[in-house]
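A short reminder: the numbers here are calculations on the coordinates, not readings from a lab. It should be emphasised that the depicted structure is a prediction, and the values quoted were computed from it without experimental measurement. Cβ coordinates were reconstructed from backbone atoms using ideal geometry, including for glycine residues, and neighbour counts include every protein chain displayed.
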Amino acid sequence: MISLQQLQAAIKERIGSYYNAQFYHQRQKLCVDLLQSMGCILAEDITAPFDVPRQNLSSMDGFALAIGSQLAEGTHIEIVGESQAGQPFDAATNQHIQGQSLHAGQGVRIFTGAVLPAGCDTVVMQEHTNFEQLKQNQQHNLDKSQPYLITLSQAAKSNTNIRQQGDEIKADEVVLSKGKRLNPTDISLLANLGVAQVQIYQPLVVGLLATGDELVELEQPLTSLAQIYNSNTPTLKALLSELPVSIKDYGILKDDLAEIEQCLTTAAQQCDVLISSAGVSVGDYDFLTTAIAKVGKINHYKVAMKPGKPFVFGEMQRSDIKRSAVQRNDTDTPVQNTIFYFGLPGNPLSAVVSCLQLVMPSLWQMSGVKVDDVPMRLTVKATLTTDIKKSTGRLDFQRGILTQLADGTYQVTALTSQQSHRIKQLSNANCLIVLDKDSGNVAAGAVVNVQPFKWCLA
Ligand code: AMP
Ligand code: MG
């Protein structure tokens with residue numbers, strides 16, 4: 001049986017051969033408001049409309065000194081006005097210099113983010129002057145409408161405490177490029193540049209379907225003891241909510257080959273990706289594998305991991321391009337589209353693990369995100385506090401509780417029951433303990449690889 005790493009690599013290669021640069025070149029774009037672009041993939045290069053900072057600004061609260069001023073400790077500077085953030089010093093209207101430029105020995109009270117007045121070449125922090133003392137001497141009622149003298153309480157240097165115009169970003173510079181997954185700090189950057197709308201790639205359409213005669217949708221009553229709720233669809237929706245995808249929910253299908261085949265055929269017309277749960281084992285009513293083999297093809301079946309051994313990676317074709325993510329080209333030649341298919345096991349815990357390990361990375365790859373911007377999977381080394389039972393032959397994901405110790409190292413405790421139907425255990429866990437295919441039992445004290453759940457990270 002293929003190993004998880006081999007399957008991950010094979011899926012990546014197959015998807016990469018279809019979702020390539022050419023594909024993204026043709027992919028439809030949407031123009032959305034900045035906040036709506038959060039988590040989406042940028043489909044254009046963004047250039048700065050202006051320099052940042054737009055002018056020379058002060059990076060401190062203090063005093064801007066005129067060019068040529070003495071900077072030695074004890075120097076007196078005459079302060080003739082003020083430059084506030086949003087209200088720059090204006091030499092033309094300043095009654096003390098009356099349109100003249102500031103001359104050496106003069107300065108302007110200035111605040112962080114305020115424009116450096118023309119004719120000044122340095123800012124002295126207010127803590128490096130006698131300003132506090134001056135205010136105290138005057139019972140905090142310093143009359144700033146009149147010029148006043150400050151004294152440098154330590155030597156100053158020219159060209160300090162100034163954010164130079166264009167120092168960080170030059171006008172027309174590309175600040176974010178196509179394929180960037182937009183995160184809150186990108187939103188900050190774009191908002192700083194006044195970018196109110198951006199072009200993103202149209203989200204992939206991901207179809208979800210659940211199969212099983214025993215399944216009932218939430219909010220419907222369970223009318224027999226043989227019924228259970230369809231938890232996989234809401235779970236998958238929750239897991240995929242961080243991805244730039246739009247979901248098409250095909251609901252619950254009966255364990256009926258014809259019905260399943262019909263749904264796959266429809267989904268192939270409407271989606272870019274289809275994910276089903278259940279019906280991929282070897283039971284008499286597991287029809288998904290048969291159906292996908294008829295409607296499309298199976299590239300890989302089963303993977304040597306626990307939970308999650310029954311897993312299908314397949315694909316279907318569609319020659320109509322109406323609902324495709326690929327734009328209609330000028331000629332009328334029909335474009336052949338590939339719809340990738342992931343058949344997850346029905347067991348809710350297995351479905352979660354398979355989705356995390358095999359589906360999410362694939363959907364990121366299809367999303368158009370740049371390779372170096374695919375979200376990282378964090379794996380940490382942790383010391384086991386308990387013995388773990390495991391047989392060799394399959395990679396095992398056990399549920400655990402990871403804690404960080406005062407010295408920064410991690411320890412992990414495996415939850416007591418690791419049976420794969422234990423859904424409460426999964427909800428109690430904050431990580432998966434990853435045990436190698438070849439590993440047998442592991443004793444307390446051993447160092448193991450752990451993947452924290454991203455929703456448990458701050
Ligand atoms: P199957 O793969 O059809 O043999 O299903 C494996 C187990 O998962 C069975 O116990 C099913 O009842 C259960 N199961 C299948 N689909 C779902 C679902 N959508 N939600 C919750 N449990 C499910
Ligand atoms: Mg079933």
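Ranking T383, A406, L432 by how far each Cα lies toward the positive end of the dipole of the range 380-456 (charges on Cβ) leaves L432 at the top. For the range 124-185 versus the range 220-279, the inter-centroid distance based on Cα atoms is 58 Å. Each eigenvalue of the Cα gyration tensor of the range 57-163, multiplied by 5 and square-rooted, gives one semi-axis; in descending order these are 18, 16, 14 Å. Entry for the chain at q = 0.07, 0.09, 0.10, 0.13 Å⁻¹: log10 I(q)/I(0) = -0.57, -0.75, -0.83, -1.12, Debye formula applied to identical alpha-carbon scatterers, no solvent contribution. Listed values for the range 309-316 are Karplus-derived 3J(HN,Hα) couplings in whole Hz (6.51 cos²θ - 1.76 cosθ + 1.60, θ = phi - 60°), namely 4, x, 7, 10, 10, x, 7, 10, and x replaces Gly and Pro. At an R0 of 45 angstrom, the distance between the Cβ atoms of V32 and A293 translates into a FRET efficiency of 0.70.
Pulled fully out, how much extra length does the chain show between D373 and S17, if you take 0.36 nm times their separation in residues and subtract their Cα-Cα distance? Walk me through the numbers before you get to the answer.
Numbers: separation 356, 0.36 × 356 = 128.16 nm, distance 1.90 nm.
Residue separation times 0.36 nm, minus the Cα-Cα distance, leaves 126.3 nm.
Each of V353, F287, G39 was scored by the projection of its Cα onto the charge dipole of the chain, and the greatest displacement toward the positive side belongs to F287; charges sit on the C-beta of Lys, Arg, Asp and Glu.
In this simple spin-label model, placing a label point 7 Å from the Cα along the Cα-to-Cβ direction at both Q138 and L257 gives a separation of 9.4 nm. The slack between S427 and Q8, meaning 0.36 nm per residue of separation minus the straight C-alpha distance, is 148.3 nm.
Full extension of the chain between E73 and D407 yields a length gain of 115.7 nm, computed as 0.36 nm times the residue separation minus the alpha carbon distance. Going through the DSSP H helices of the chain, which span 15 Å or more along their own axis at the Cα atoms while scoring at least -1.0 as a mean Kyte-Doolittle hydropathy? Going by DSSP H runs, the hits are 4-18, 257-270.
Charges were assigned to the Cβ only: +1 to each Lys and Arg, -1 to each Asp and Glu. The resulting dipole of the chain about its Cα centre is roughly 1260 debye. The residues neighbouring G119, those whose beta-carbon lies less than 14 Å from its own, together hold a net charge of -3 under the Lys/Arg +1, Asp/Glu -1 convention. Residues whose amide H falls under 5 Å from that of G207, counting only those 5 or more places apart or on a different chain, are K248, D272, V273, L274, I275, with hydrogens built in the peptide plane.
Once the Cβ-Cβ distance of N449 and T185 is raised to the sixth power relative to R0 = 35 Å, the FRET efficiency obtained is 0.75.
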